[in-house]
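J.: Let me give you the structure first, and then I'll get to my questions.
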Amino acid sequence: MIVFRTDREMQIMVPDEITNLIAAALEDTTAFGRLYDRYVQPVYRYVYSRPENPHEAEDITSQTFIAAYESLPRYREGGHFPAWLFRIARSKMIDHFRRSRREIRLEAAEHLVESEDTLSSVIQDQEANRTYGLGDCILYQHGHGE
């Protein structure tokens, strides 16, 4: 579960503060926590607006910050940190939706299994009807042929 801080200090950050936090985060992992605290709520809201599932939004938000932390050494100061962070979030959402298209939810899989059983029984019924029909034809032909 993602916990949001309502601390006003975290809401207002000037570009110099962001630059200083990024430099500190490169040296000290705990400094990344202030960047996280500042941006977790906006990133979560952005992500939540797409899948509209709180659990998926939390997972994607977590993946976003993990990727941002791991990629922080490649971040260029000339860029805008929030834009960079939201591009990562967008990329993680795209990855999530690509994966979810290939996955089938358990309920859907159970329905497919039930459908396959229904389909199998329909096919078996049709084959049985044909067999009975053939038997009737044979009996009819043999009965008239005598």
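J.: Hey, among the residues in the range 76-113 that are at pLDDT 90 or above and β-branched (Val, Ile, Thr), which one's farthest from Ser49 (Cα to Cα)?
T.: In this case the residue turns out to be Ile88.
J.: Pick out the one residue from Tyr69, Tyr44 that is surrounded by fewer than 18 Cβ atoms within 10 Å (Cβ to Cβ), touching a helix residue (DSSP H, G or I) at 6+ places or on another chain (Cβ under 6 Å), within 18 Å of Lys92 (Cα to Cα) and assigned by TED's automatic domain parsing to the domain that holds Phe97.
T.: After applying the criteria, what remains is Tyr69.
The values are calculated or read from the model by the stated rules, or taken from the named source; none is laboratory data. Note that the coordinates shown come from a computational prediction; the quantities given were computed from them, not determined experimentally. Counting neighbours? That spans all protein chains shown, and the Cβs are built from the backbone with ideal geometry, glycine included.
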